[in-house]
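The values are calculated or read from the model by the stated rules, or taken from the named source; none is laboratory data. None of these values were measured; they are calculated from a predicted model. Cβ coordinates were reconstructed from backbone atoms using ideal geometry, including for glycine residues, and neighbour counts include every protein chain displayed.
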Amino acid sequence: MEDQLKEALKDIVTLGIPPRPEFIRLIDVGSERFLDFFEKEILENFVACGGATCRFFEAGYGGGKSHLLHLINHLAVKRRMLVVSIDLTKALSLLEWKDITEHILCNISLHVDGKILKSLPEVLHHVTEKDRQRVRQLRLAHSGFSNAIALYVSDYQYLDSQGREKLKRFLCGEKIGAGELKRNNIRGVKNPLSKRNAESVLNTVLSALFSLGFNGTVILFDETDQTFSRVQHTAKVQLGANLMRRLIDACSNGTIRGAVAVFAVLPDFLVSCSRAYPALGDRLLMYRTTEPGWRFPILRIEDITEFAEPEMFMEKVIDKIVEQVASNKKDTLRRELLIEGRDVLYANPGTNFRRPLLKRLASKTLQMI
């Protein structure tokens, strides 16, 4: 146990992020009941049955957003769901849904027998023979991508090597035209990913994957660039906000099946959305309440933890770390960690203490064990 703890703590110290999925619960406290709820009610009873939803979690920098996303990633992998993580930065923002969709096509992954299948074509190789039979019945928003998926899972072996490569590139979002595909005996596959059709491509792919027998898709968005917090709300900002509004609607009205989009956002995200595009703000702010329940799609990080008070959270983390080390180290380690932890809380008043706290505790623990 102590060796696994060391690996988890090294991730926190060296990378500044939560540990790998297999280690993350070694240092998590206070989230167990919510995670059990999320796994049972959202992933198992809703998404795995064909439902789709968007969920939003608010916290400031260092407030635990990335940690929560890693925990949900762990749940998705455990349930053999498809998962993709997206760090929202200036290079990949909510203003460019073509880029986001292409990232999903290239990075969607499935963990199978200790291996990671990554990209839409790789994932499609894992479709079972039974599920291949229903692929021809797909009638989805983007007929070109729907046909490409059907061809890939049913007739891939009959294509020559050049045809296979071009079909794979099309499914990864490259601009491969219908004429070029026809020259390799690929017909009915047209309209490659573009800014104009990114929405229909994403909706089609997510619903197709569920129809092909996968347990659902979890898309994890980590916001860091404050996309909608700009003084000037240009047409580009409004278009990006409108597409996000349409994603929420597509999950609500059944256009998308078997998917959950989880957004970890900064505290002013909802108000900024409302200013940028009132219709998006209406979708989000309608759920705001002073005492939200876990079924609400918008929650603060402190709403889902049993130990929101900083001192209590610190003590529970220290207890969890100490219980995993050798008995002859426990008392001394606890005393030193309490000193380090209180120093961090003093320097980081408010709610954004979790990341600096965990990093300091991890560093001190590694020095002492």
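Table: residues versus (1) of a type outside the set (A, V, I, L, M, F, W, C); (2) out of contact with any strand residue (DSSP E or B) (no Cβ under 7 Å at 6 or more places or on another chain); (3) in the same structural domain as LEU82 (by TED's automatic domain parsing); (4) in a loop (DSSP other than H, G, I, E, B).
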position	(1), (2), (3), (4)
LEU140	no, yes, no, yes
ILE149	no, yes, no, no
TYR152	yes, yes, no, no
ASN191	yes, yes, no, yes
VAL205	no, yes, yes, no
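What number of residues within the stretch 75-93 are farther than 24 Å from GLU44 by Cβ and touching an Asp or Glu at 6+ places or on another chain (Cβ under 8 Å)? Spell out how you get there, then give the answer.
Initially, the stretch 75-93 is screened for residues farther than 24 Å from GLU44 by Cβ, giving 87-93.
Restricting the remaining residues to those that are touching an Asp or Glu at 6+ places or on another chain (Cβ under 8 Å) gives 87-90, 92-93.
Residues flagged as farther than 24 Å from GLU44 by Cβ and touching an Asp or Glu at 6+ places or on another chain (Cβ under 8 Å) within the stretch 75-93 amount to 6.
Quick one: is SER85 of a type in the set (Ser, Thr, Tyr), outside the structural domain of LEU220 (by TED's automatic domain parsing) and either closer than 17 Å to LEU206 by Cβ or at pLDDT below 90 (or both)?
Details: of a type in the set (Ser, Thr, Tyr): yes; outside the structural domain of LEU220 (by TED's automatic domain parsing): no; either closer than 17 Å to LEU206 by Cβ or at pLDDT below 90 (or both): yes.
Taking the combined requirement at face value, the residue does not satisfy it.
Tell me which of these SER252 doesn't satisfy, since it passes every other one: (1) assigned to a helix (DSSP H, G or I); (2) in contact with a Phe, Trp or Tyr (Cβ under 8 Å, 6 or more places away or on another chain).
(2)
Condition check ((1) assigned by TED's automatic domain parsing to the domain that holds ILE248; (2) modelled with pLDDT of 90 or more; (3) not in a helix (DSSP H, G or I)) across all residues:
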position	(1), (2), (3)
GLY281	yes, no, no
ILE318	no, yes, no
LEU338	no, yes, no
PRO349	no, no, yes
LEU366	no, yes, no
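Considering only the stretch 42-77, how many residues are crowded, with 22+ Cβ neighbours inside 10 Å and charged (D, E, K, R)?
2
On the given criteria, is ALA259 assigned by TED's automatic domain parsing to the domain that holds ILE72 and among the hydrophobic types (A, V, I, L, M, F, W, C)? Write out each step before concluding.
On the way: assigned by TED's automatic domain parsing to the domain that holds ILE72: yes; among the hydrophobic types (A, V, I, L, M, F, W, C): yes.
Spelling it out, ALA259 is indeed assigned by TED's automatic domain parsing to the domain that holds ILE72 and among the hydrophobic types (A, V, I, L, M, F, W, C).
Quick one: which of GLU340, GLU309 is touching a residue at least 24 places away in the same chain (Cβ under 8 Å) and closer than 30 Å to GLU2 by Cβ?
On the way: GLU309 fails: touching a residue at least 24 places away in the same chain (Cβ under 8 Å).
The conditions single out GLU340.
Criterion first (assigned to a helix (DSSP H, G or I) and touching a Gly at 6+ places or on another chain (Cβ under 8 Å)) does LEU239 satisfy it?
Working: assigned to a helix (DSSP H, G or I): yes; touching a Gly at 6+ places or on another chain (Cβ under 8 Å): no.
For LEU239, the condition - assigned to a helix (DSSP H, G or I) and touching a Gly at 6+ places or on another chain (Cβ under 8 Å) - is not met.
Checking the conditions here, which among ILE186, ILE149, ILE219 is crowded, with 21+ Cβ neighbours inside 10 Å and farther than 28 Å from GLY50 by Cα?
Values: ILE149 fails: farther than 28 Å from GLY50 by Cα; ILE219 fails: farther than 28 Å from GLY50 by Cα.
Of ILE186, ILE149, ILE219, the one residue that is crowded, with 21+ Cβ neighbours inside 10 Å and farther than 28 Å from GLY50 by Cα is ILE186.
So that you can scan it fast, the table gives a plain yes or no per residue for (1) in contact with a Ser or Thr (Cβ under 7 Å, 6 or more places away or on another chain); (2) within 26 Å of LYS359 (Cβ to Cβ):
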{"position": "ILE27", "(1), (2)": "no, yes"}
{"position": "GLU32", "(1), (2)": "no, yes"}
{"position": "PHE37", "(1), (2)": "no, no"}
{"position": "GLU41", "(1), (2)": "no, no"}
{"position": "ASN45", "(1), (2)": "no, no"}
{"position": "GLY50", "(1), (2)": "no, no"}
{"position": "THR53", "(1), (2)": "no, no"}
{"position": "PHE56", "(1), (2)": "no, yes"}
{"position": "GLY63", "(1), (2)": "yes, yes"}
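Looking only at the stretch 3-23, filter to residues that are modelled with pLDDT of 80 or more and surrounded by fewer than 20 Cβ atoms within 10 Å (Cβ to Cβ); which one of those is farthest from ARG295 (Cα to Cα)?
Per the criteria, the residue is ASP3.
Taking LYS90 as the residue in question, decide whether it is farther than 30 Å from LYS168 by Cα and modelled with pLDDT under 90. Working first, answer last.
On the way: farther than 30 Å from LYS168 by Cα: no; modelled with pLDDT under 90: yes.
Criteria not met by LYS90.
Which condition from (1) within 16 Å of the chain's Cα centre (by Cα); (2) within 26 Å of GLU22 (Cβ to Cβ); (3) surrounded by fewer than 16 Cβ atoms within 10 Å (Cβ to Cβ) is the one that ILE86 breaks?
Going through the list (1) within 16 Å of the chain's Cα centre (by Cα); (2) within 26 Å of GLU22 (Cβ to Cβ); (3) surrounded by fewer than 16 Cβ atoms within 10 Å (Cβ to Cβ), ILE86 breaks only (3).
Within the stretch 26-41, is even one residue crowded, with 17+ Cβ neighbours inside 10 Å, charged (D, E, K, R) and at pLDDT below 95?
Scanning the stretch 26-41, I find at least one residue that is crowded, with 17+ Cβ neighbours inside 10 Å, charged (D, E, K, R) and at pLDDT below 95, so the answer is yes.
What are the residue pairs meeting all of these: first residue in the stretch 229-241, first residue modelled with pLDDT under 80, second residue among the hydroxyl-bearing types (Ser, Thr, Tyr), Cβ atoms under 7 Å, and 6 or more apart or on different chains?
Once the first residue is modelled with pLDDT under 80 and sits in the stretch 229-241, its partners that are among the hydroxyl-bearing types (Ser, Thr, Tyr) give SER229/SER272.
Considering ASP36, ASP99, which residue is of a type outside the set (S, T, N, Q) and either under 12 Å from the mean Cα position of the chain (by Cα) or more than 29 Å from ASP303 (Cβ to Cβ) (or both)? Quick ask: steps written out before the conclusion?
Values: ASP36 fails: either under 12 Å from the mean Cα position of the chain (by Cα) or more than 29 Å from ASP303 (Cβ to Cβ) (or both).
Among ASP36, ASP99, only ASP99 is of a type outside the set (S, T, N, Q) and either under 12 Å from the mean Cα position of the chain (by Cα) or more than 29 Å from ASP303 (Cβ to Cβ) (or both).
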